[in-house]
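Heads up: the structure comes next, in structure tokens.
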Amino acid sequence: MQRIIIVGTTSGIGLVIASLYAETLDKQILEIEGELVKRAKANPKMMFKLKSIPGISVMGAITLLSRIGDITRFKTPPPNRAKQFRL
């Protein structure tokens, strides 16, 4: 389905833009959303931990997960460091 959007007029001539570009963007957004959902489903334990943080929604957890990637690449802080920050 191709939509035509009338953006404005110039000297009585309608400026017409085919929404092929918008359809391409819609497809790309769907692909990205699908990839994010796939990552969330692949890491249910991490999603649960992220969602347990006050103020983090499902979308926030998915966003963090997509930006952090594999969290095991980070070293675990020494036990005394957790006490320093009262964690």
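The values are calculated or read from the model by the stated rules, or taken from the named source; none is laboratory data. Remember, predicted model here, so these are calculated numbers, not experimental data. Note that we place each Cβ from the backbone using ideal geometry, even for glycine, and neighbour counts take in every protein chain shown. Note: accessible area is taken over every heavy atom of the protein model, side chains too, but ligands, DNA and RNA are not part of it. Shrake-Rupley method; radii C 1.70, N 1.55, O 1.52, S 1.80 Å.
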If r is the Cβ-Cβ distance from GLN28 to VAL58 and R0 is 22 Å, what FRET efficiency results, to the nearest 0.05?
0.55
Lys and Arg at +1, Asp and Glu at -1: neighbours of LEU64 with Cβ under 12 Å from its Cβ sum to +4
If LYS41, LYS27, LYS75 are ordered by their accessible area, calculated over protein heavy atoms with a 1.4 Å probe, which sequence runs from highest to lowest?
LYS75, LYS41, LYS27
